[in-house]
Amino acid sequence: MGMVEGSGIWEERDLDAHDYALLCAYTHPDCSADALALVTDWYVWVFFFDDHFLEAFKRTQDRVGGKAYLDRLPLFMPMDLDTPVPAPVNPVEAGLADLWARTVPSMSEGWRARFRESTEHLLNESLWELSNINAGRVPNPVEYIEMRRKVGGAPWSAGLVEFAAGAEVPAAVAGSRPLRVLKDTFSDGVHLRNDLFSYQRETEEEGELSNSVLVLENFLGCTTQESADAVNDLITSRVQQFENTVLTELPVLFAEKGLSPQECADVLAYAKGLQDWQSGGHEWHMRSSRYMNGGGKAAESAGGWSPFAFGGLGTSGMDVRRALAVTGAKRVRNFTHVPFRKVGPSQLPDFYMPFTTTLSPHLDGARVNAVEWARQMGMFRPQAGVPLSDVWDAGKVTDYDFPLCAAGLDPEATPEELDLGSQWLTWGTYGDDYYPAVFGAVRDLTGAKACNVRLSAFMPVEDGEAMPEPANAMERGLADLWRRTTESMDAAARKTFRDSVEVMTAGWIWELENQALHHIPDPVDYIEMRRATFGSDMTMSLSRIGHGRRVPQEIYRSGPMRSLENAAADYATLLNDVFSYQKEIEYEGEVHNGVLVVQNFFDCDYPTALAIVHDLMTSRMREFQHVAANELPVLYDDFELPEEARALLDGYVKELENWMSGILTWHQECRRYREEDLRRHKGVADMPAGAGAGNEAPLGTWSGRPTGLGTSAARVAQQATETATEMETAKETAKETVTAAAGVA
């Protein structure tokens, strides 16, 4: 292929020293000789591409040339092998054409599409790294992890695991959350581990700014070693998330999708292949001279290396005491949070908000209409045959003031549009309160999933498609909103919008599953799922629908646009977590709060975790501004967008600015999160000092919880509170168990 002598990138001795054959032998230990040879060629190609792009375009900071180079590469990956490809003009093109033709005939069309997409991401996101070098900009942690998955290539490696293991993921589950989490946790573990090994090479020799050690060092303001330790902790967390997904989510997925025994076996073989890659990749990094680890000397020992010698390289897992010390304490923390702890009023930092809120002049009318609409839908009464469903009354909805939020999100809305926006927010928040009260309190996951299936029936896509008769306020409200929102949409727009609503309701199930396991989520999983549970995609989809065909859908799927939207969503969701900390931790026994997730991960106190979350919010806001000012104009040029489309997208950026500033204004002025409002809404306005929220009042005094008709939901919460002491004891017992096991080891 021309990758060694004469390429200007590698000599044959470089290829020998890097030893990609050893990498693939470690990462694919069970595949056939022919499959191993082909997979090894793929890795030779991908590492050559990385080094070639570095020399040709990163070092010269030639973005224009880099884009032209990357634009040709998809031509060498035709879905139909009968499609002719251009004549290769460099080793990267020659290698890709050869490998594609040798690999895809044995794989399904679905696999081809997934693998082609991951390969394109791997190639195209190199421009993102190049742009950050040009700007001298170190990304924030969330931005880095998202982009590293694309440019780092581990999702691409996951596709080759399917090929090498002969275990293609069934199409019915390829897009499901469990399979996505397996691929993402695998990718993050691989990339973060690589960053630890390559930190010195990338920062000293390559001028690279995209390395997680450097990212956390910059974000946390800590030493290099402290940052490396934090990266290692994050690897541990992602691996544990992988394990948790295999053990708790895959069995449920198999049953729900009705997979055959062979299909289940294929998914499990794929999961095992990802595990093999993790452990084999680590071993290869210890031996390859590609990294500054003494030219592979870490693999040497005085008597020669033996895979069977206890204490040799790769046997650290045999040291049970060390393994428990590293991972045991974190596992304990993940599942032993004591609910309903008294934390006091939520502490509010000085939020960075560069945008100004403007409110619609129709706000007062929308306030009246929102309360009346909720009453008509039946949200102020228990639902027939549904215990614990008396979650709202008119006073709460008035205090929550959803029209205030809608008026900031869309200050130019007509009265009808403002009513519609206010009522969507009302419906979404009602569902967010309804699911934990009705399904979470009694751990009824089956009922919650059945409810989700029913809700989808009230969002028909095709004209003339019938709806069932609504049976409760959730269904009645959705049926009404869907008719009013989608009457002028075509089927494609309705499908897109329905998908965004289903993403939100699926997120509610994820919360219930974690609550049932009493599991504080992994920080990366939390950030990504929080966008769904908050309804970010749903509200953003409403804004995009009006753009119609005037903006290519590829724009919304592009890296810069996803970065823009995700940065905005993360700012808003973490903002909500900061305001709702007391409500969720003290009054609701929640485990889904960004501040709590950070407390658990870093094993730190509330103020420290709050400071980290606030810094992350600020970083995400600055990223939003950076993308809008620097990356979107380049994207417009790359797609050669006409002025009309550019103006629409600039308007969309303004809508997202309104979205963030309006959400902040609403949190500051509504009556949903303040301590005095929490006490009133929970029926504890007259509670004496020292009672409730984890502190029992003396016998015969106010218990801190309401009694009487319609208070069953509160009684369930009271029972949970009464278990807090028992869980604290369990936590201490678990710690003692870990300590004892370490002592035995």
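Does Leu15 satisfy the condition of being at pLDDT 95 or above, outside any loop (DSSP other than H, G, I, E, B) and surrounded by fewer than 19 Cβ atoms within 10 Å (Cβ to Cβ)?
Values: at pLDDT 95 or above: no; outside any loop (DSSP other than H, G, I, E, B): yes; surrounded by fewer than 19 Cβ atoms within 10 Å (Cβ to Cβ): yes.
No.
So, in segment 359-369, how many residues would count as being open to solvent by 30 Å² or more (accessible area, probe 1.4 Å) and either under 26 Å from the mean Cα position of the chain (by Cα) or not charged (D, E, K, R) (or both)?
Filtering segment 359-369 for residues open to solvent by 30 Å² or more (accessible area, probe 1.4 Å) gives 359, 361-362, 364-365, 367-369.
Those still in the list that are either under 26 Å from the mean Cα position of the chain (by Cα) or not charged (D, E, K, R) (or both) too: 359, 361-362, 365, 368-369.
Selection size over segment 359-369: 6.
Looking at (1) under 16 Å from the mean Cα position of the chain (by Cα); (2) over 30 Å from Ile145 (Cβ atoms); (3) polar (S, T, N, Q), can you tell me which one Asn472 breaks?
Of the numbered conditions (1) under 16 Å from the mean Cα position of the chain (by Cα); (2) over 30 Å from Ile145 (Cβ atoms); (3) polar (S, T, N, Q), the odd one out for Asn472 is (1).
Hey, can you tell me all the residues within segment 48-92 that are within 19 Å of Leu15 (Cβ to Cβ), part of a helix (DSSP H, G or I) and either open to solvent by 60 Å² or more (accessible area, probe 1.4 Å) or not hydrophobic (A, V, I, L, M, F, W, C) (or both)? Explain how you work it out, then say what you get.
Filtering segment 48-92 down to residues within 19 Å of Leu15 (Cβ to Cβ) leaves 48-56, 90-92.
Pick out the ones that are also part of a helix (DSSP H, G or I) and you get 48-56, 91-92.
Answer for segment 48-92, where residues must be within 19 Å of Leu15 (Cβ to Cβ), part of a helix (DSSP H, G or I) and either open to solvent by 60 Å² or more (accessible area, probe 1.4 Å) or not hydrophobic (A, V, I, L, M, F, W, C) (or both): Asp50, Asp51, His52, Glu55, Pro91.
Exactly one of these conditions fails for Ala158: (1) under 19 Å from His52 (Cα atoms); (2) in a helix (DSSP H, G or I); (3) open to solvent by less than 10 Å² (accessible area, probe 1.4 Å). Give me its number.
With respect to (1) under 19 Å from His52 (Cα atoms); (2) in a helix (DSSP H, G or I); (3) open to solvent by less than 10 Å² (accessible area, probe 1.4 Å), Ala158 is out only on (1).
Residues in segment 205-226: is at least one modelled with pLDDT under 95, under 23 Å from Leu127 (Cα atoms), of a type in the set (Val, Ile, Thr) and open to solvent by 20 Å² or more (accessible area, probe 1.4 Å)?
Checked segment 205-226: no residue is modelled with pLDDT under 95, under 23 Å from Leu127 (Cα atoms), of a type in the set (Val, Ile, Thr) and open to solvent by 20 Å² or more (accessible area, probe 1.4 Å).
Yes/no per residue for (1) out of contact with any Lys or Arg (no Cβ under 9 Å at 6 or more places or on another chain); (2) at pLDDT 95 or above; (3) open to solvent by less than 10 Å² (accessible area, probe 1.4 Å):
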site: Leu404; (1), (2), (3): no, yes, yes
site: Asp410; (1), (2), (3): yes, no, no
site: Ala413; (1), (2), (3): yes, no, yes
site: Ser422; (1), (2), (3): no, yes, yes
site: Trp427; (1), (2), (3): yes, yes, yes
site: Gly431; (1), (2), (3): yes, yes, yes
site: Ala441; (1), (2), (3): yes, no, no
site: Ala448; (1), (2), (3): yes, yes, yes
site: Asn452; (1), (2), (3): yes, yes, no
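Find all pairs meeting these conditions: Cβ atoms under 6 angstrom apart; at least six residues apart or on different chains; first residue within segment 668-681 and touching a residue at least 24 places away in the same chain (Cβ under 8 Å); second residue small (Gly, Ala, Ser) and not in a helix (DSSP H, G or I).
From segment 668-681, the pairs are Tyr673/Ser580.
Take the residues in segment 335-358 that are in contact (Cβ under 8 Å) with a residue 60 or more places away in the chain and either assigned to a helix (DSSP H, G or I) or open to solvent by 70 Å² or more (accessible area, probe 1.4 Å) (or both); name whichever of them is nearest to Leu404 (Cα to Cα). Break it down into steps so the answer makes sense when it comes.
Residues of segment 335-358 that are in contact (Cβ under 8 Å) with a residue 60 or more places away in the chain, as a first pass: 335-349, 351-358.
Cutting the leftovers down to either assigned to a helix (DSSP H, G or I) or open to solvent by 70 Å² or more (accessible area, probe 1.4 Å) (or both) gives us 335, 341-342, 345, 347-348, 356, 358.
Working: Phe335: 38, Arg341: 31, Lys342: 30, Pro345: 23, Gln347: 23, Leu348: 20, Thr356: 14, Thr358: 11 Å.
Among those that are in contact (Cβ under 8 Å) with a residue 60 or more places away in the chain and either assigned to a helix (DSSP H, G or I) or open to solvent by 70 Å² or more (accessible area, probe 1.4 Å) (or both), it is Thr358.
Residues that are surrounded by 19 or more Cβ atoms within 10 Å (Cβ to Cβ), within 30 Å of Glu675 (Cβ to Cβ) and of a type outside the set (S, T, N, Q): does segment 479-494 have at least one?
No, segment 479-494 contains no residue that is surrounded by 19 or more Cβ atoms within 10 Å (Cβ to Cβ), within 30 Å of Glu675 (Cβ to Cβ) and of a type outside the set (S, T, N, Q).
Tell me, which residue of segment 417-475 that is without any contact (Cβ under 8 Å) to a residue 40 or more places away in the chain and among the polar types (S, T, N, Q) is nearest to Ser360 (Cα to Cα)?
Checking each candidate, the answer is Thr429.
Failed condition for Leu122, given (1) open to solvent by 60 Å² or more (accessible area, probe 1.4 Å); (2) in contact (Cβ under 8 Å) with a residue 60 or more places away in the chain, with all others met?
Condition (1) is where Leu122 drops out.
Out of the residues in segment 19-47 that are outside any helix (DSSP H, G or I), of a type outside the set (Gly, Ala, Ser) and open to solvent by 40 Å² or more (accessible area, probe 1.4 Å), which is nearest to Ala269 (Cα to Cα)? Talk me through it step by step, then tell me what you get.
Here is the first cut: in segment 19-47, the residues outside any helix (DSSP H, G or I) are 19, 28-32.
Then drop every residue that is not of a type outside the set (Gly, Ala, Ser), which leaves 19, 28-31.
Next, only the ones that are open to solvent by 40 Å² or more (accessible area, probe 1.4 Å) stay: 19, 29-30.
Details: Asp19: 26, Pro29: 13, Asp30: 11 Å.
Step by step, filter segment 19-47, then rank; the result is Asp30.
Of the residues that make up segment 103-111, is at least one in contact with a Lys or Arg (Cβ under 6 Å, 6 or more places away or on another chain) and either in a helix (DSSP H, G or I) or under 24 Å from Asp14 (Cβ atoms) (or both)? Break it down into steps so the answer makes sense when it comes.
Initially, segment 103-111 is screened for residues in contact with a Lys or Arg (Cβ under 6 Å, 6 or more places away or on another chain), giving 104.
Checking which are either in a helix (DSSP H, G or I) or under 24 Å from Asp14 (Cβ atoms) (or both) leaves us with 104.
Yes, the conditions are met somewhere in segment 103-111.
Looking at this structure, is Leu123 part of a helix (DSSP H, G or I) and under 30 Å from the mean Cα position of the chain (by Cα)?
Values: part of a helix (DSSP H, G or I): yes; under 30 Å from the mean Cα position of the chain (by Cα): yes.
For Leu123, the condition - part of a helix (DSSP H, G or I) and under 30 Å from the mean Cα position of the chain (by Cα) - is met.
The values are calculated or read from the model by the stated rules, or taken from the named source; none is laboratory data. Note that this is a predicted model, so its numbers are computed, not measured. Reconstructed Cβ throughout: ideal geometry from the backbone, glycine too, with neighbour counts over all protein chains shown. The area values use the complete protein model at the heavy-atom level, side chains included, leaving out ligands, DNA and RNA. Shrake-Rupley method; radii C 1.70, N 1.55, O 1.52, S 1.80 Å.
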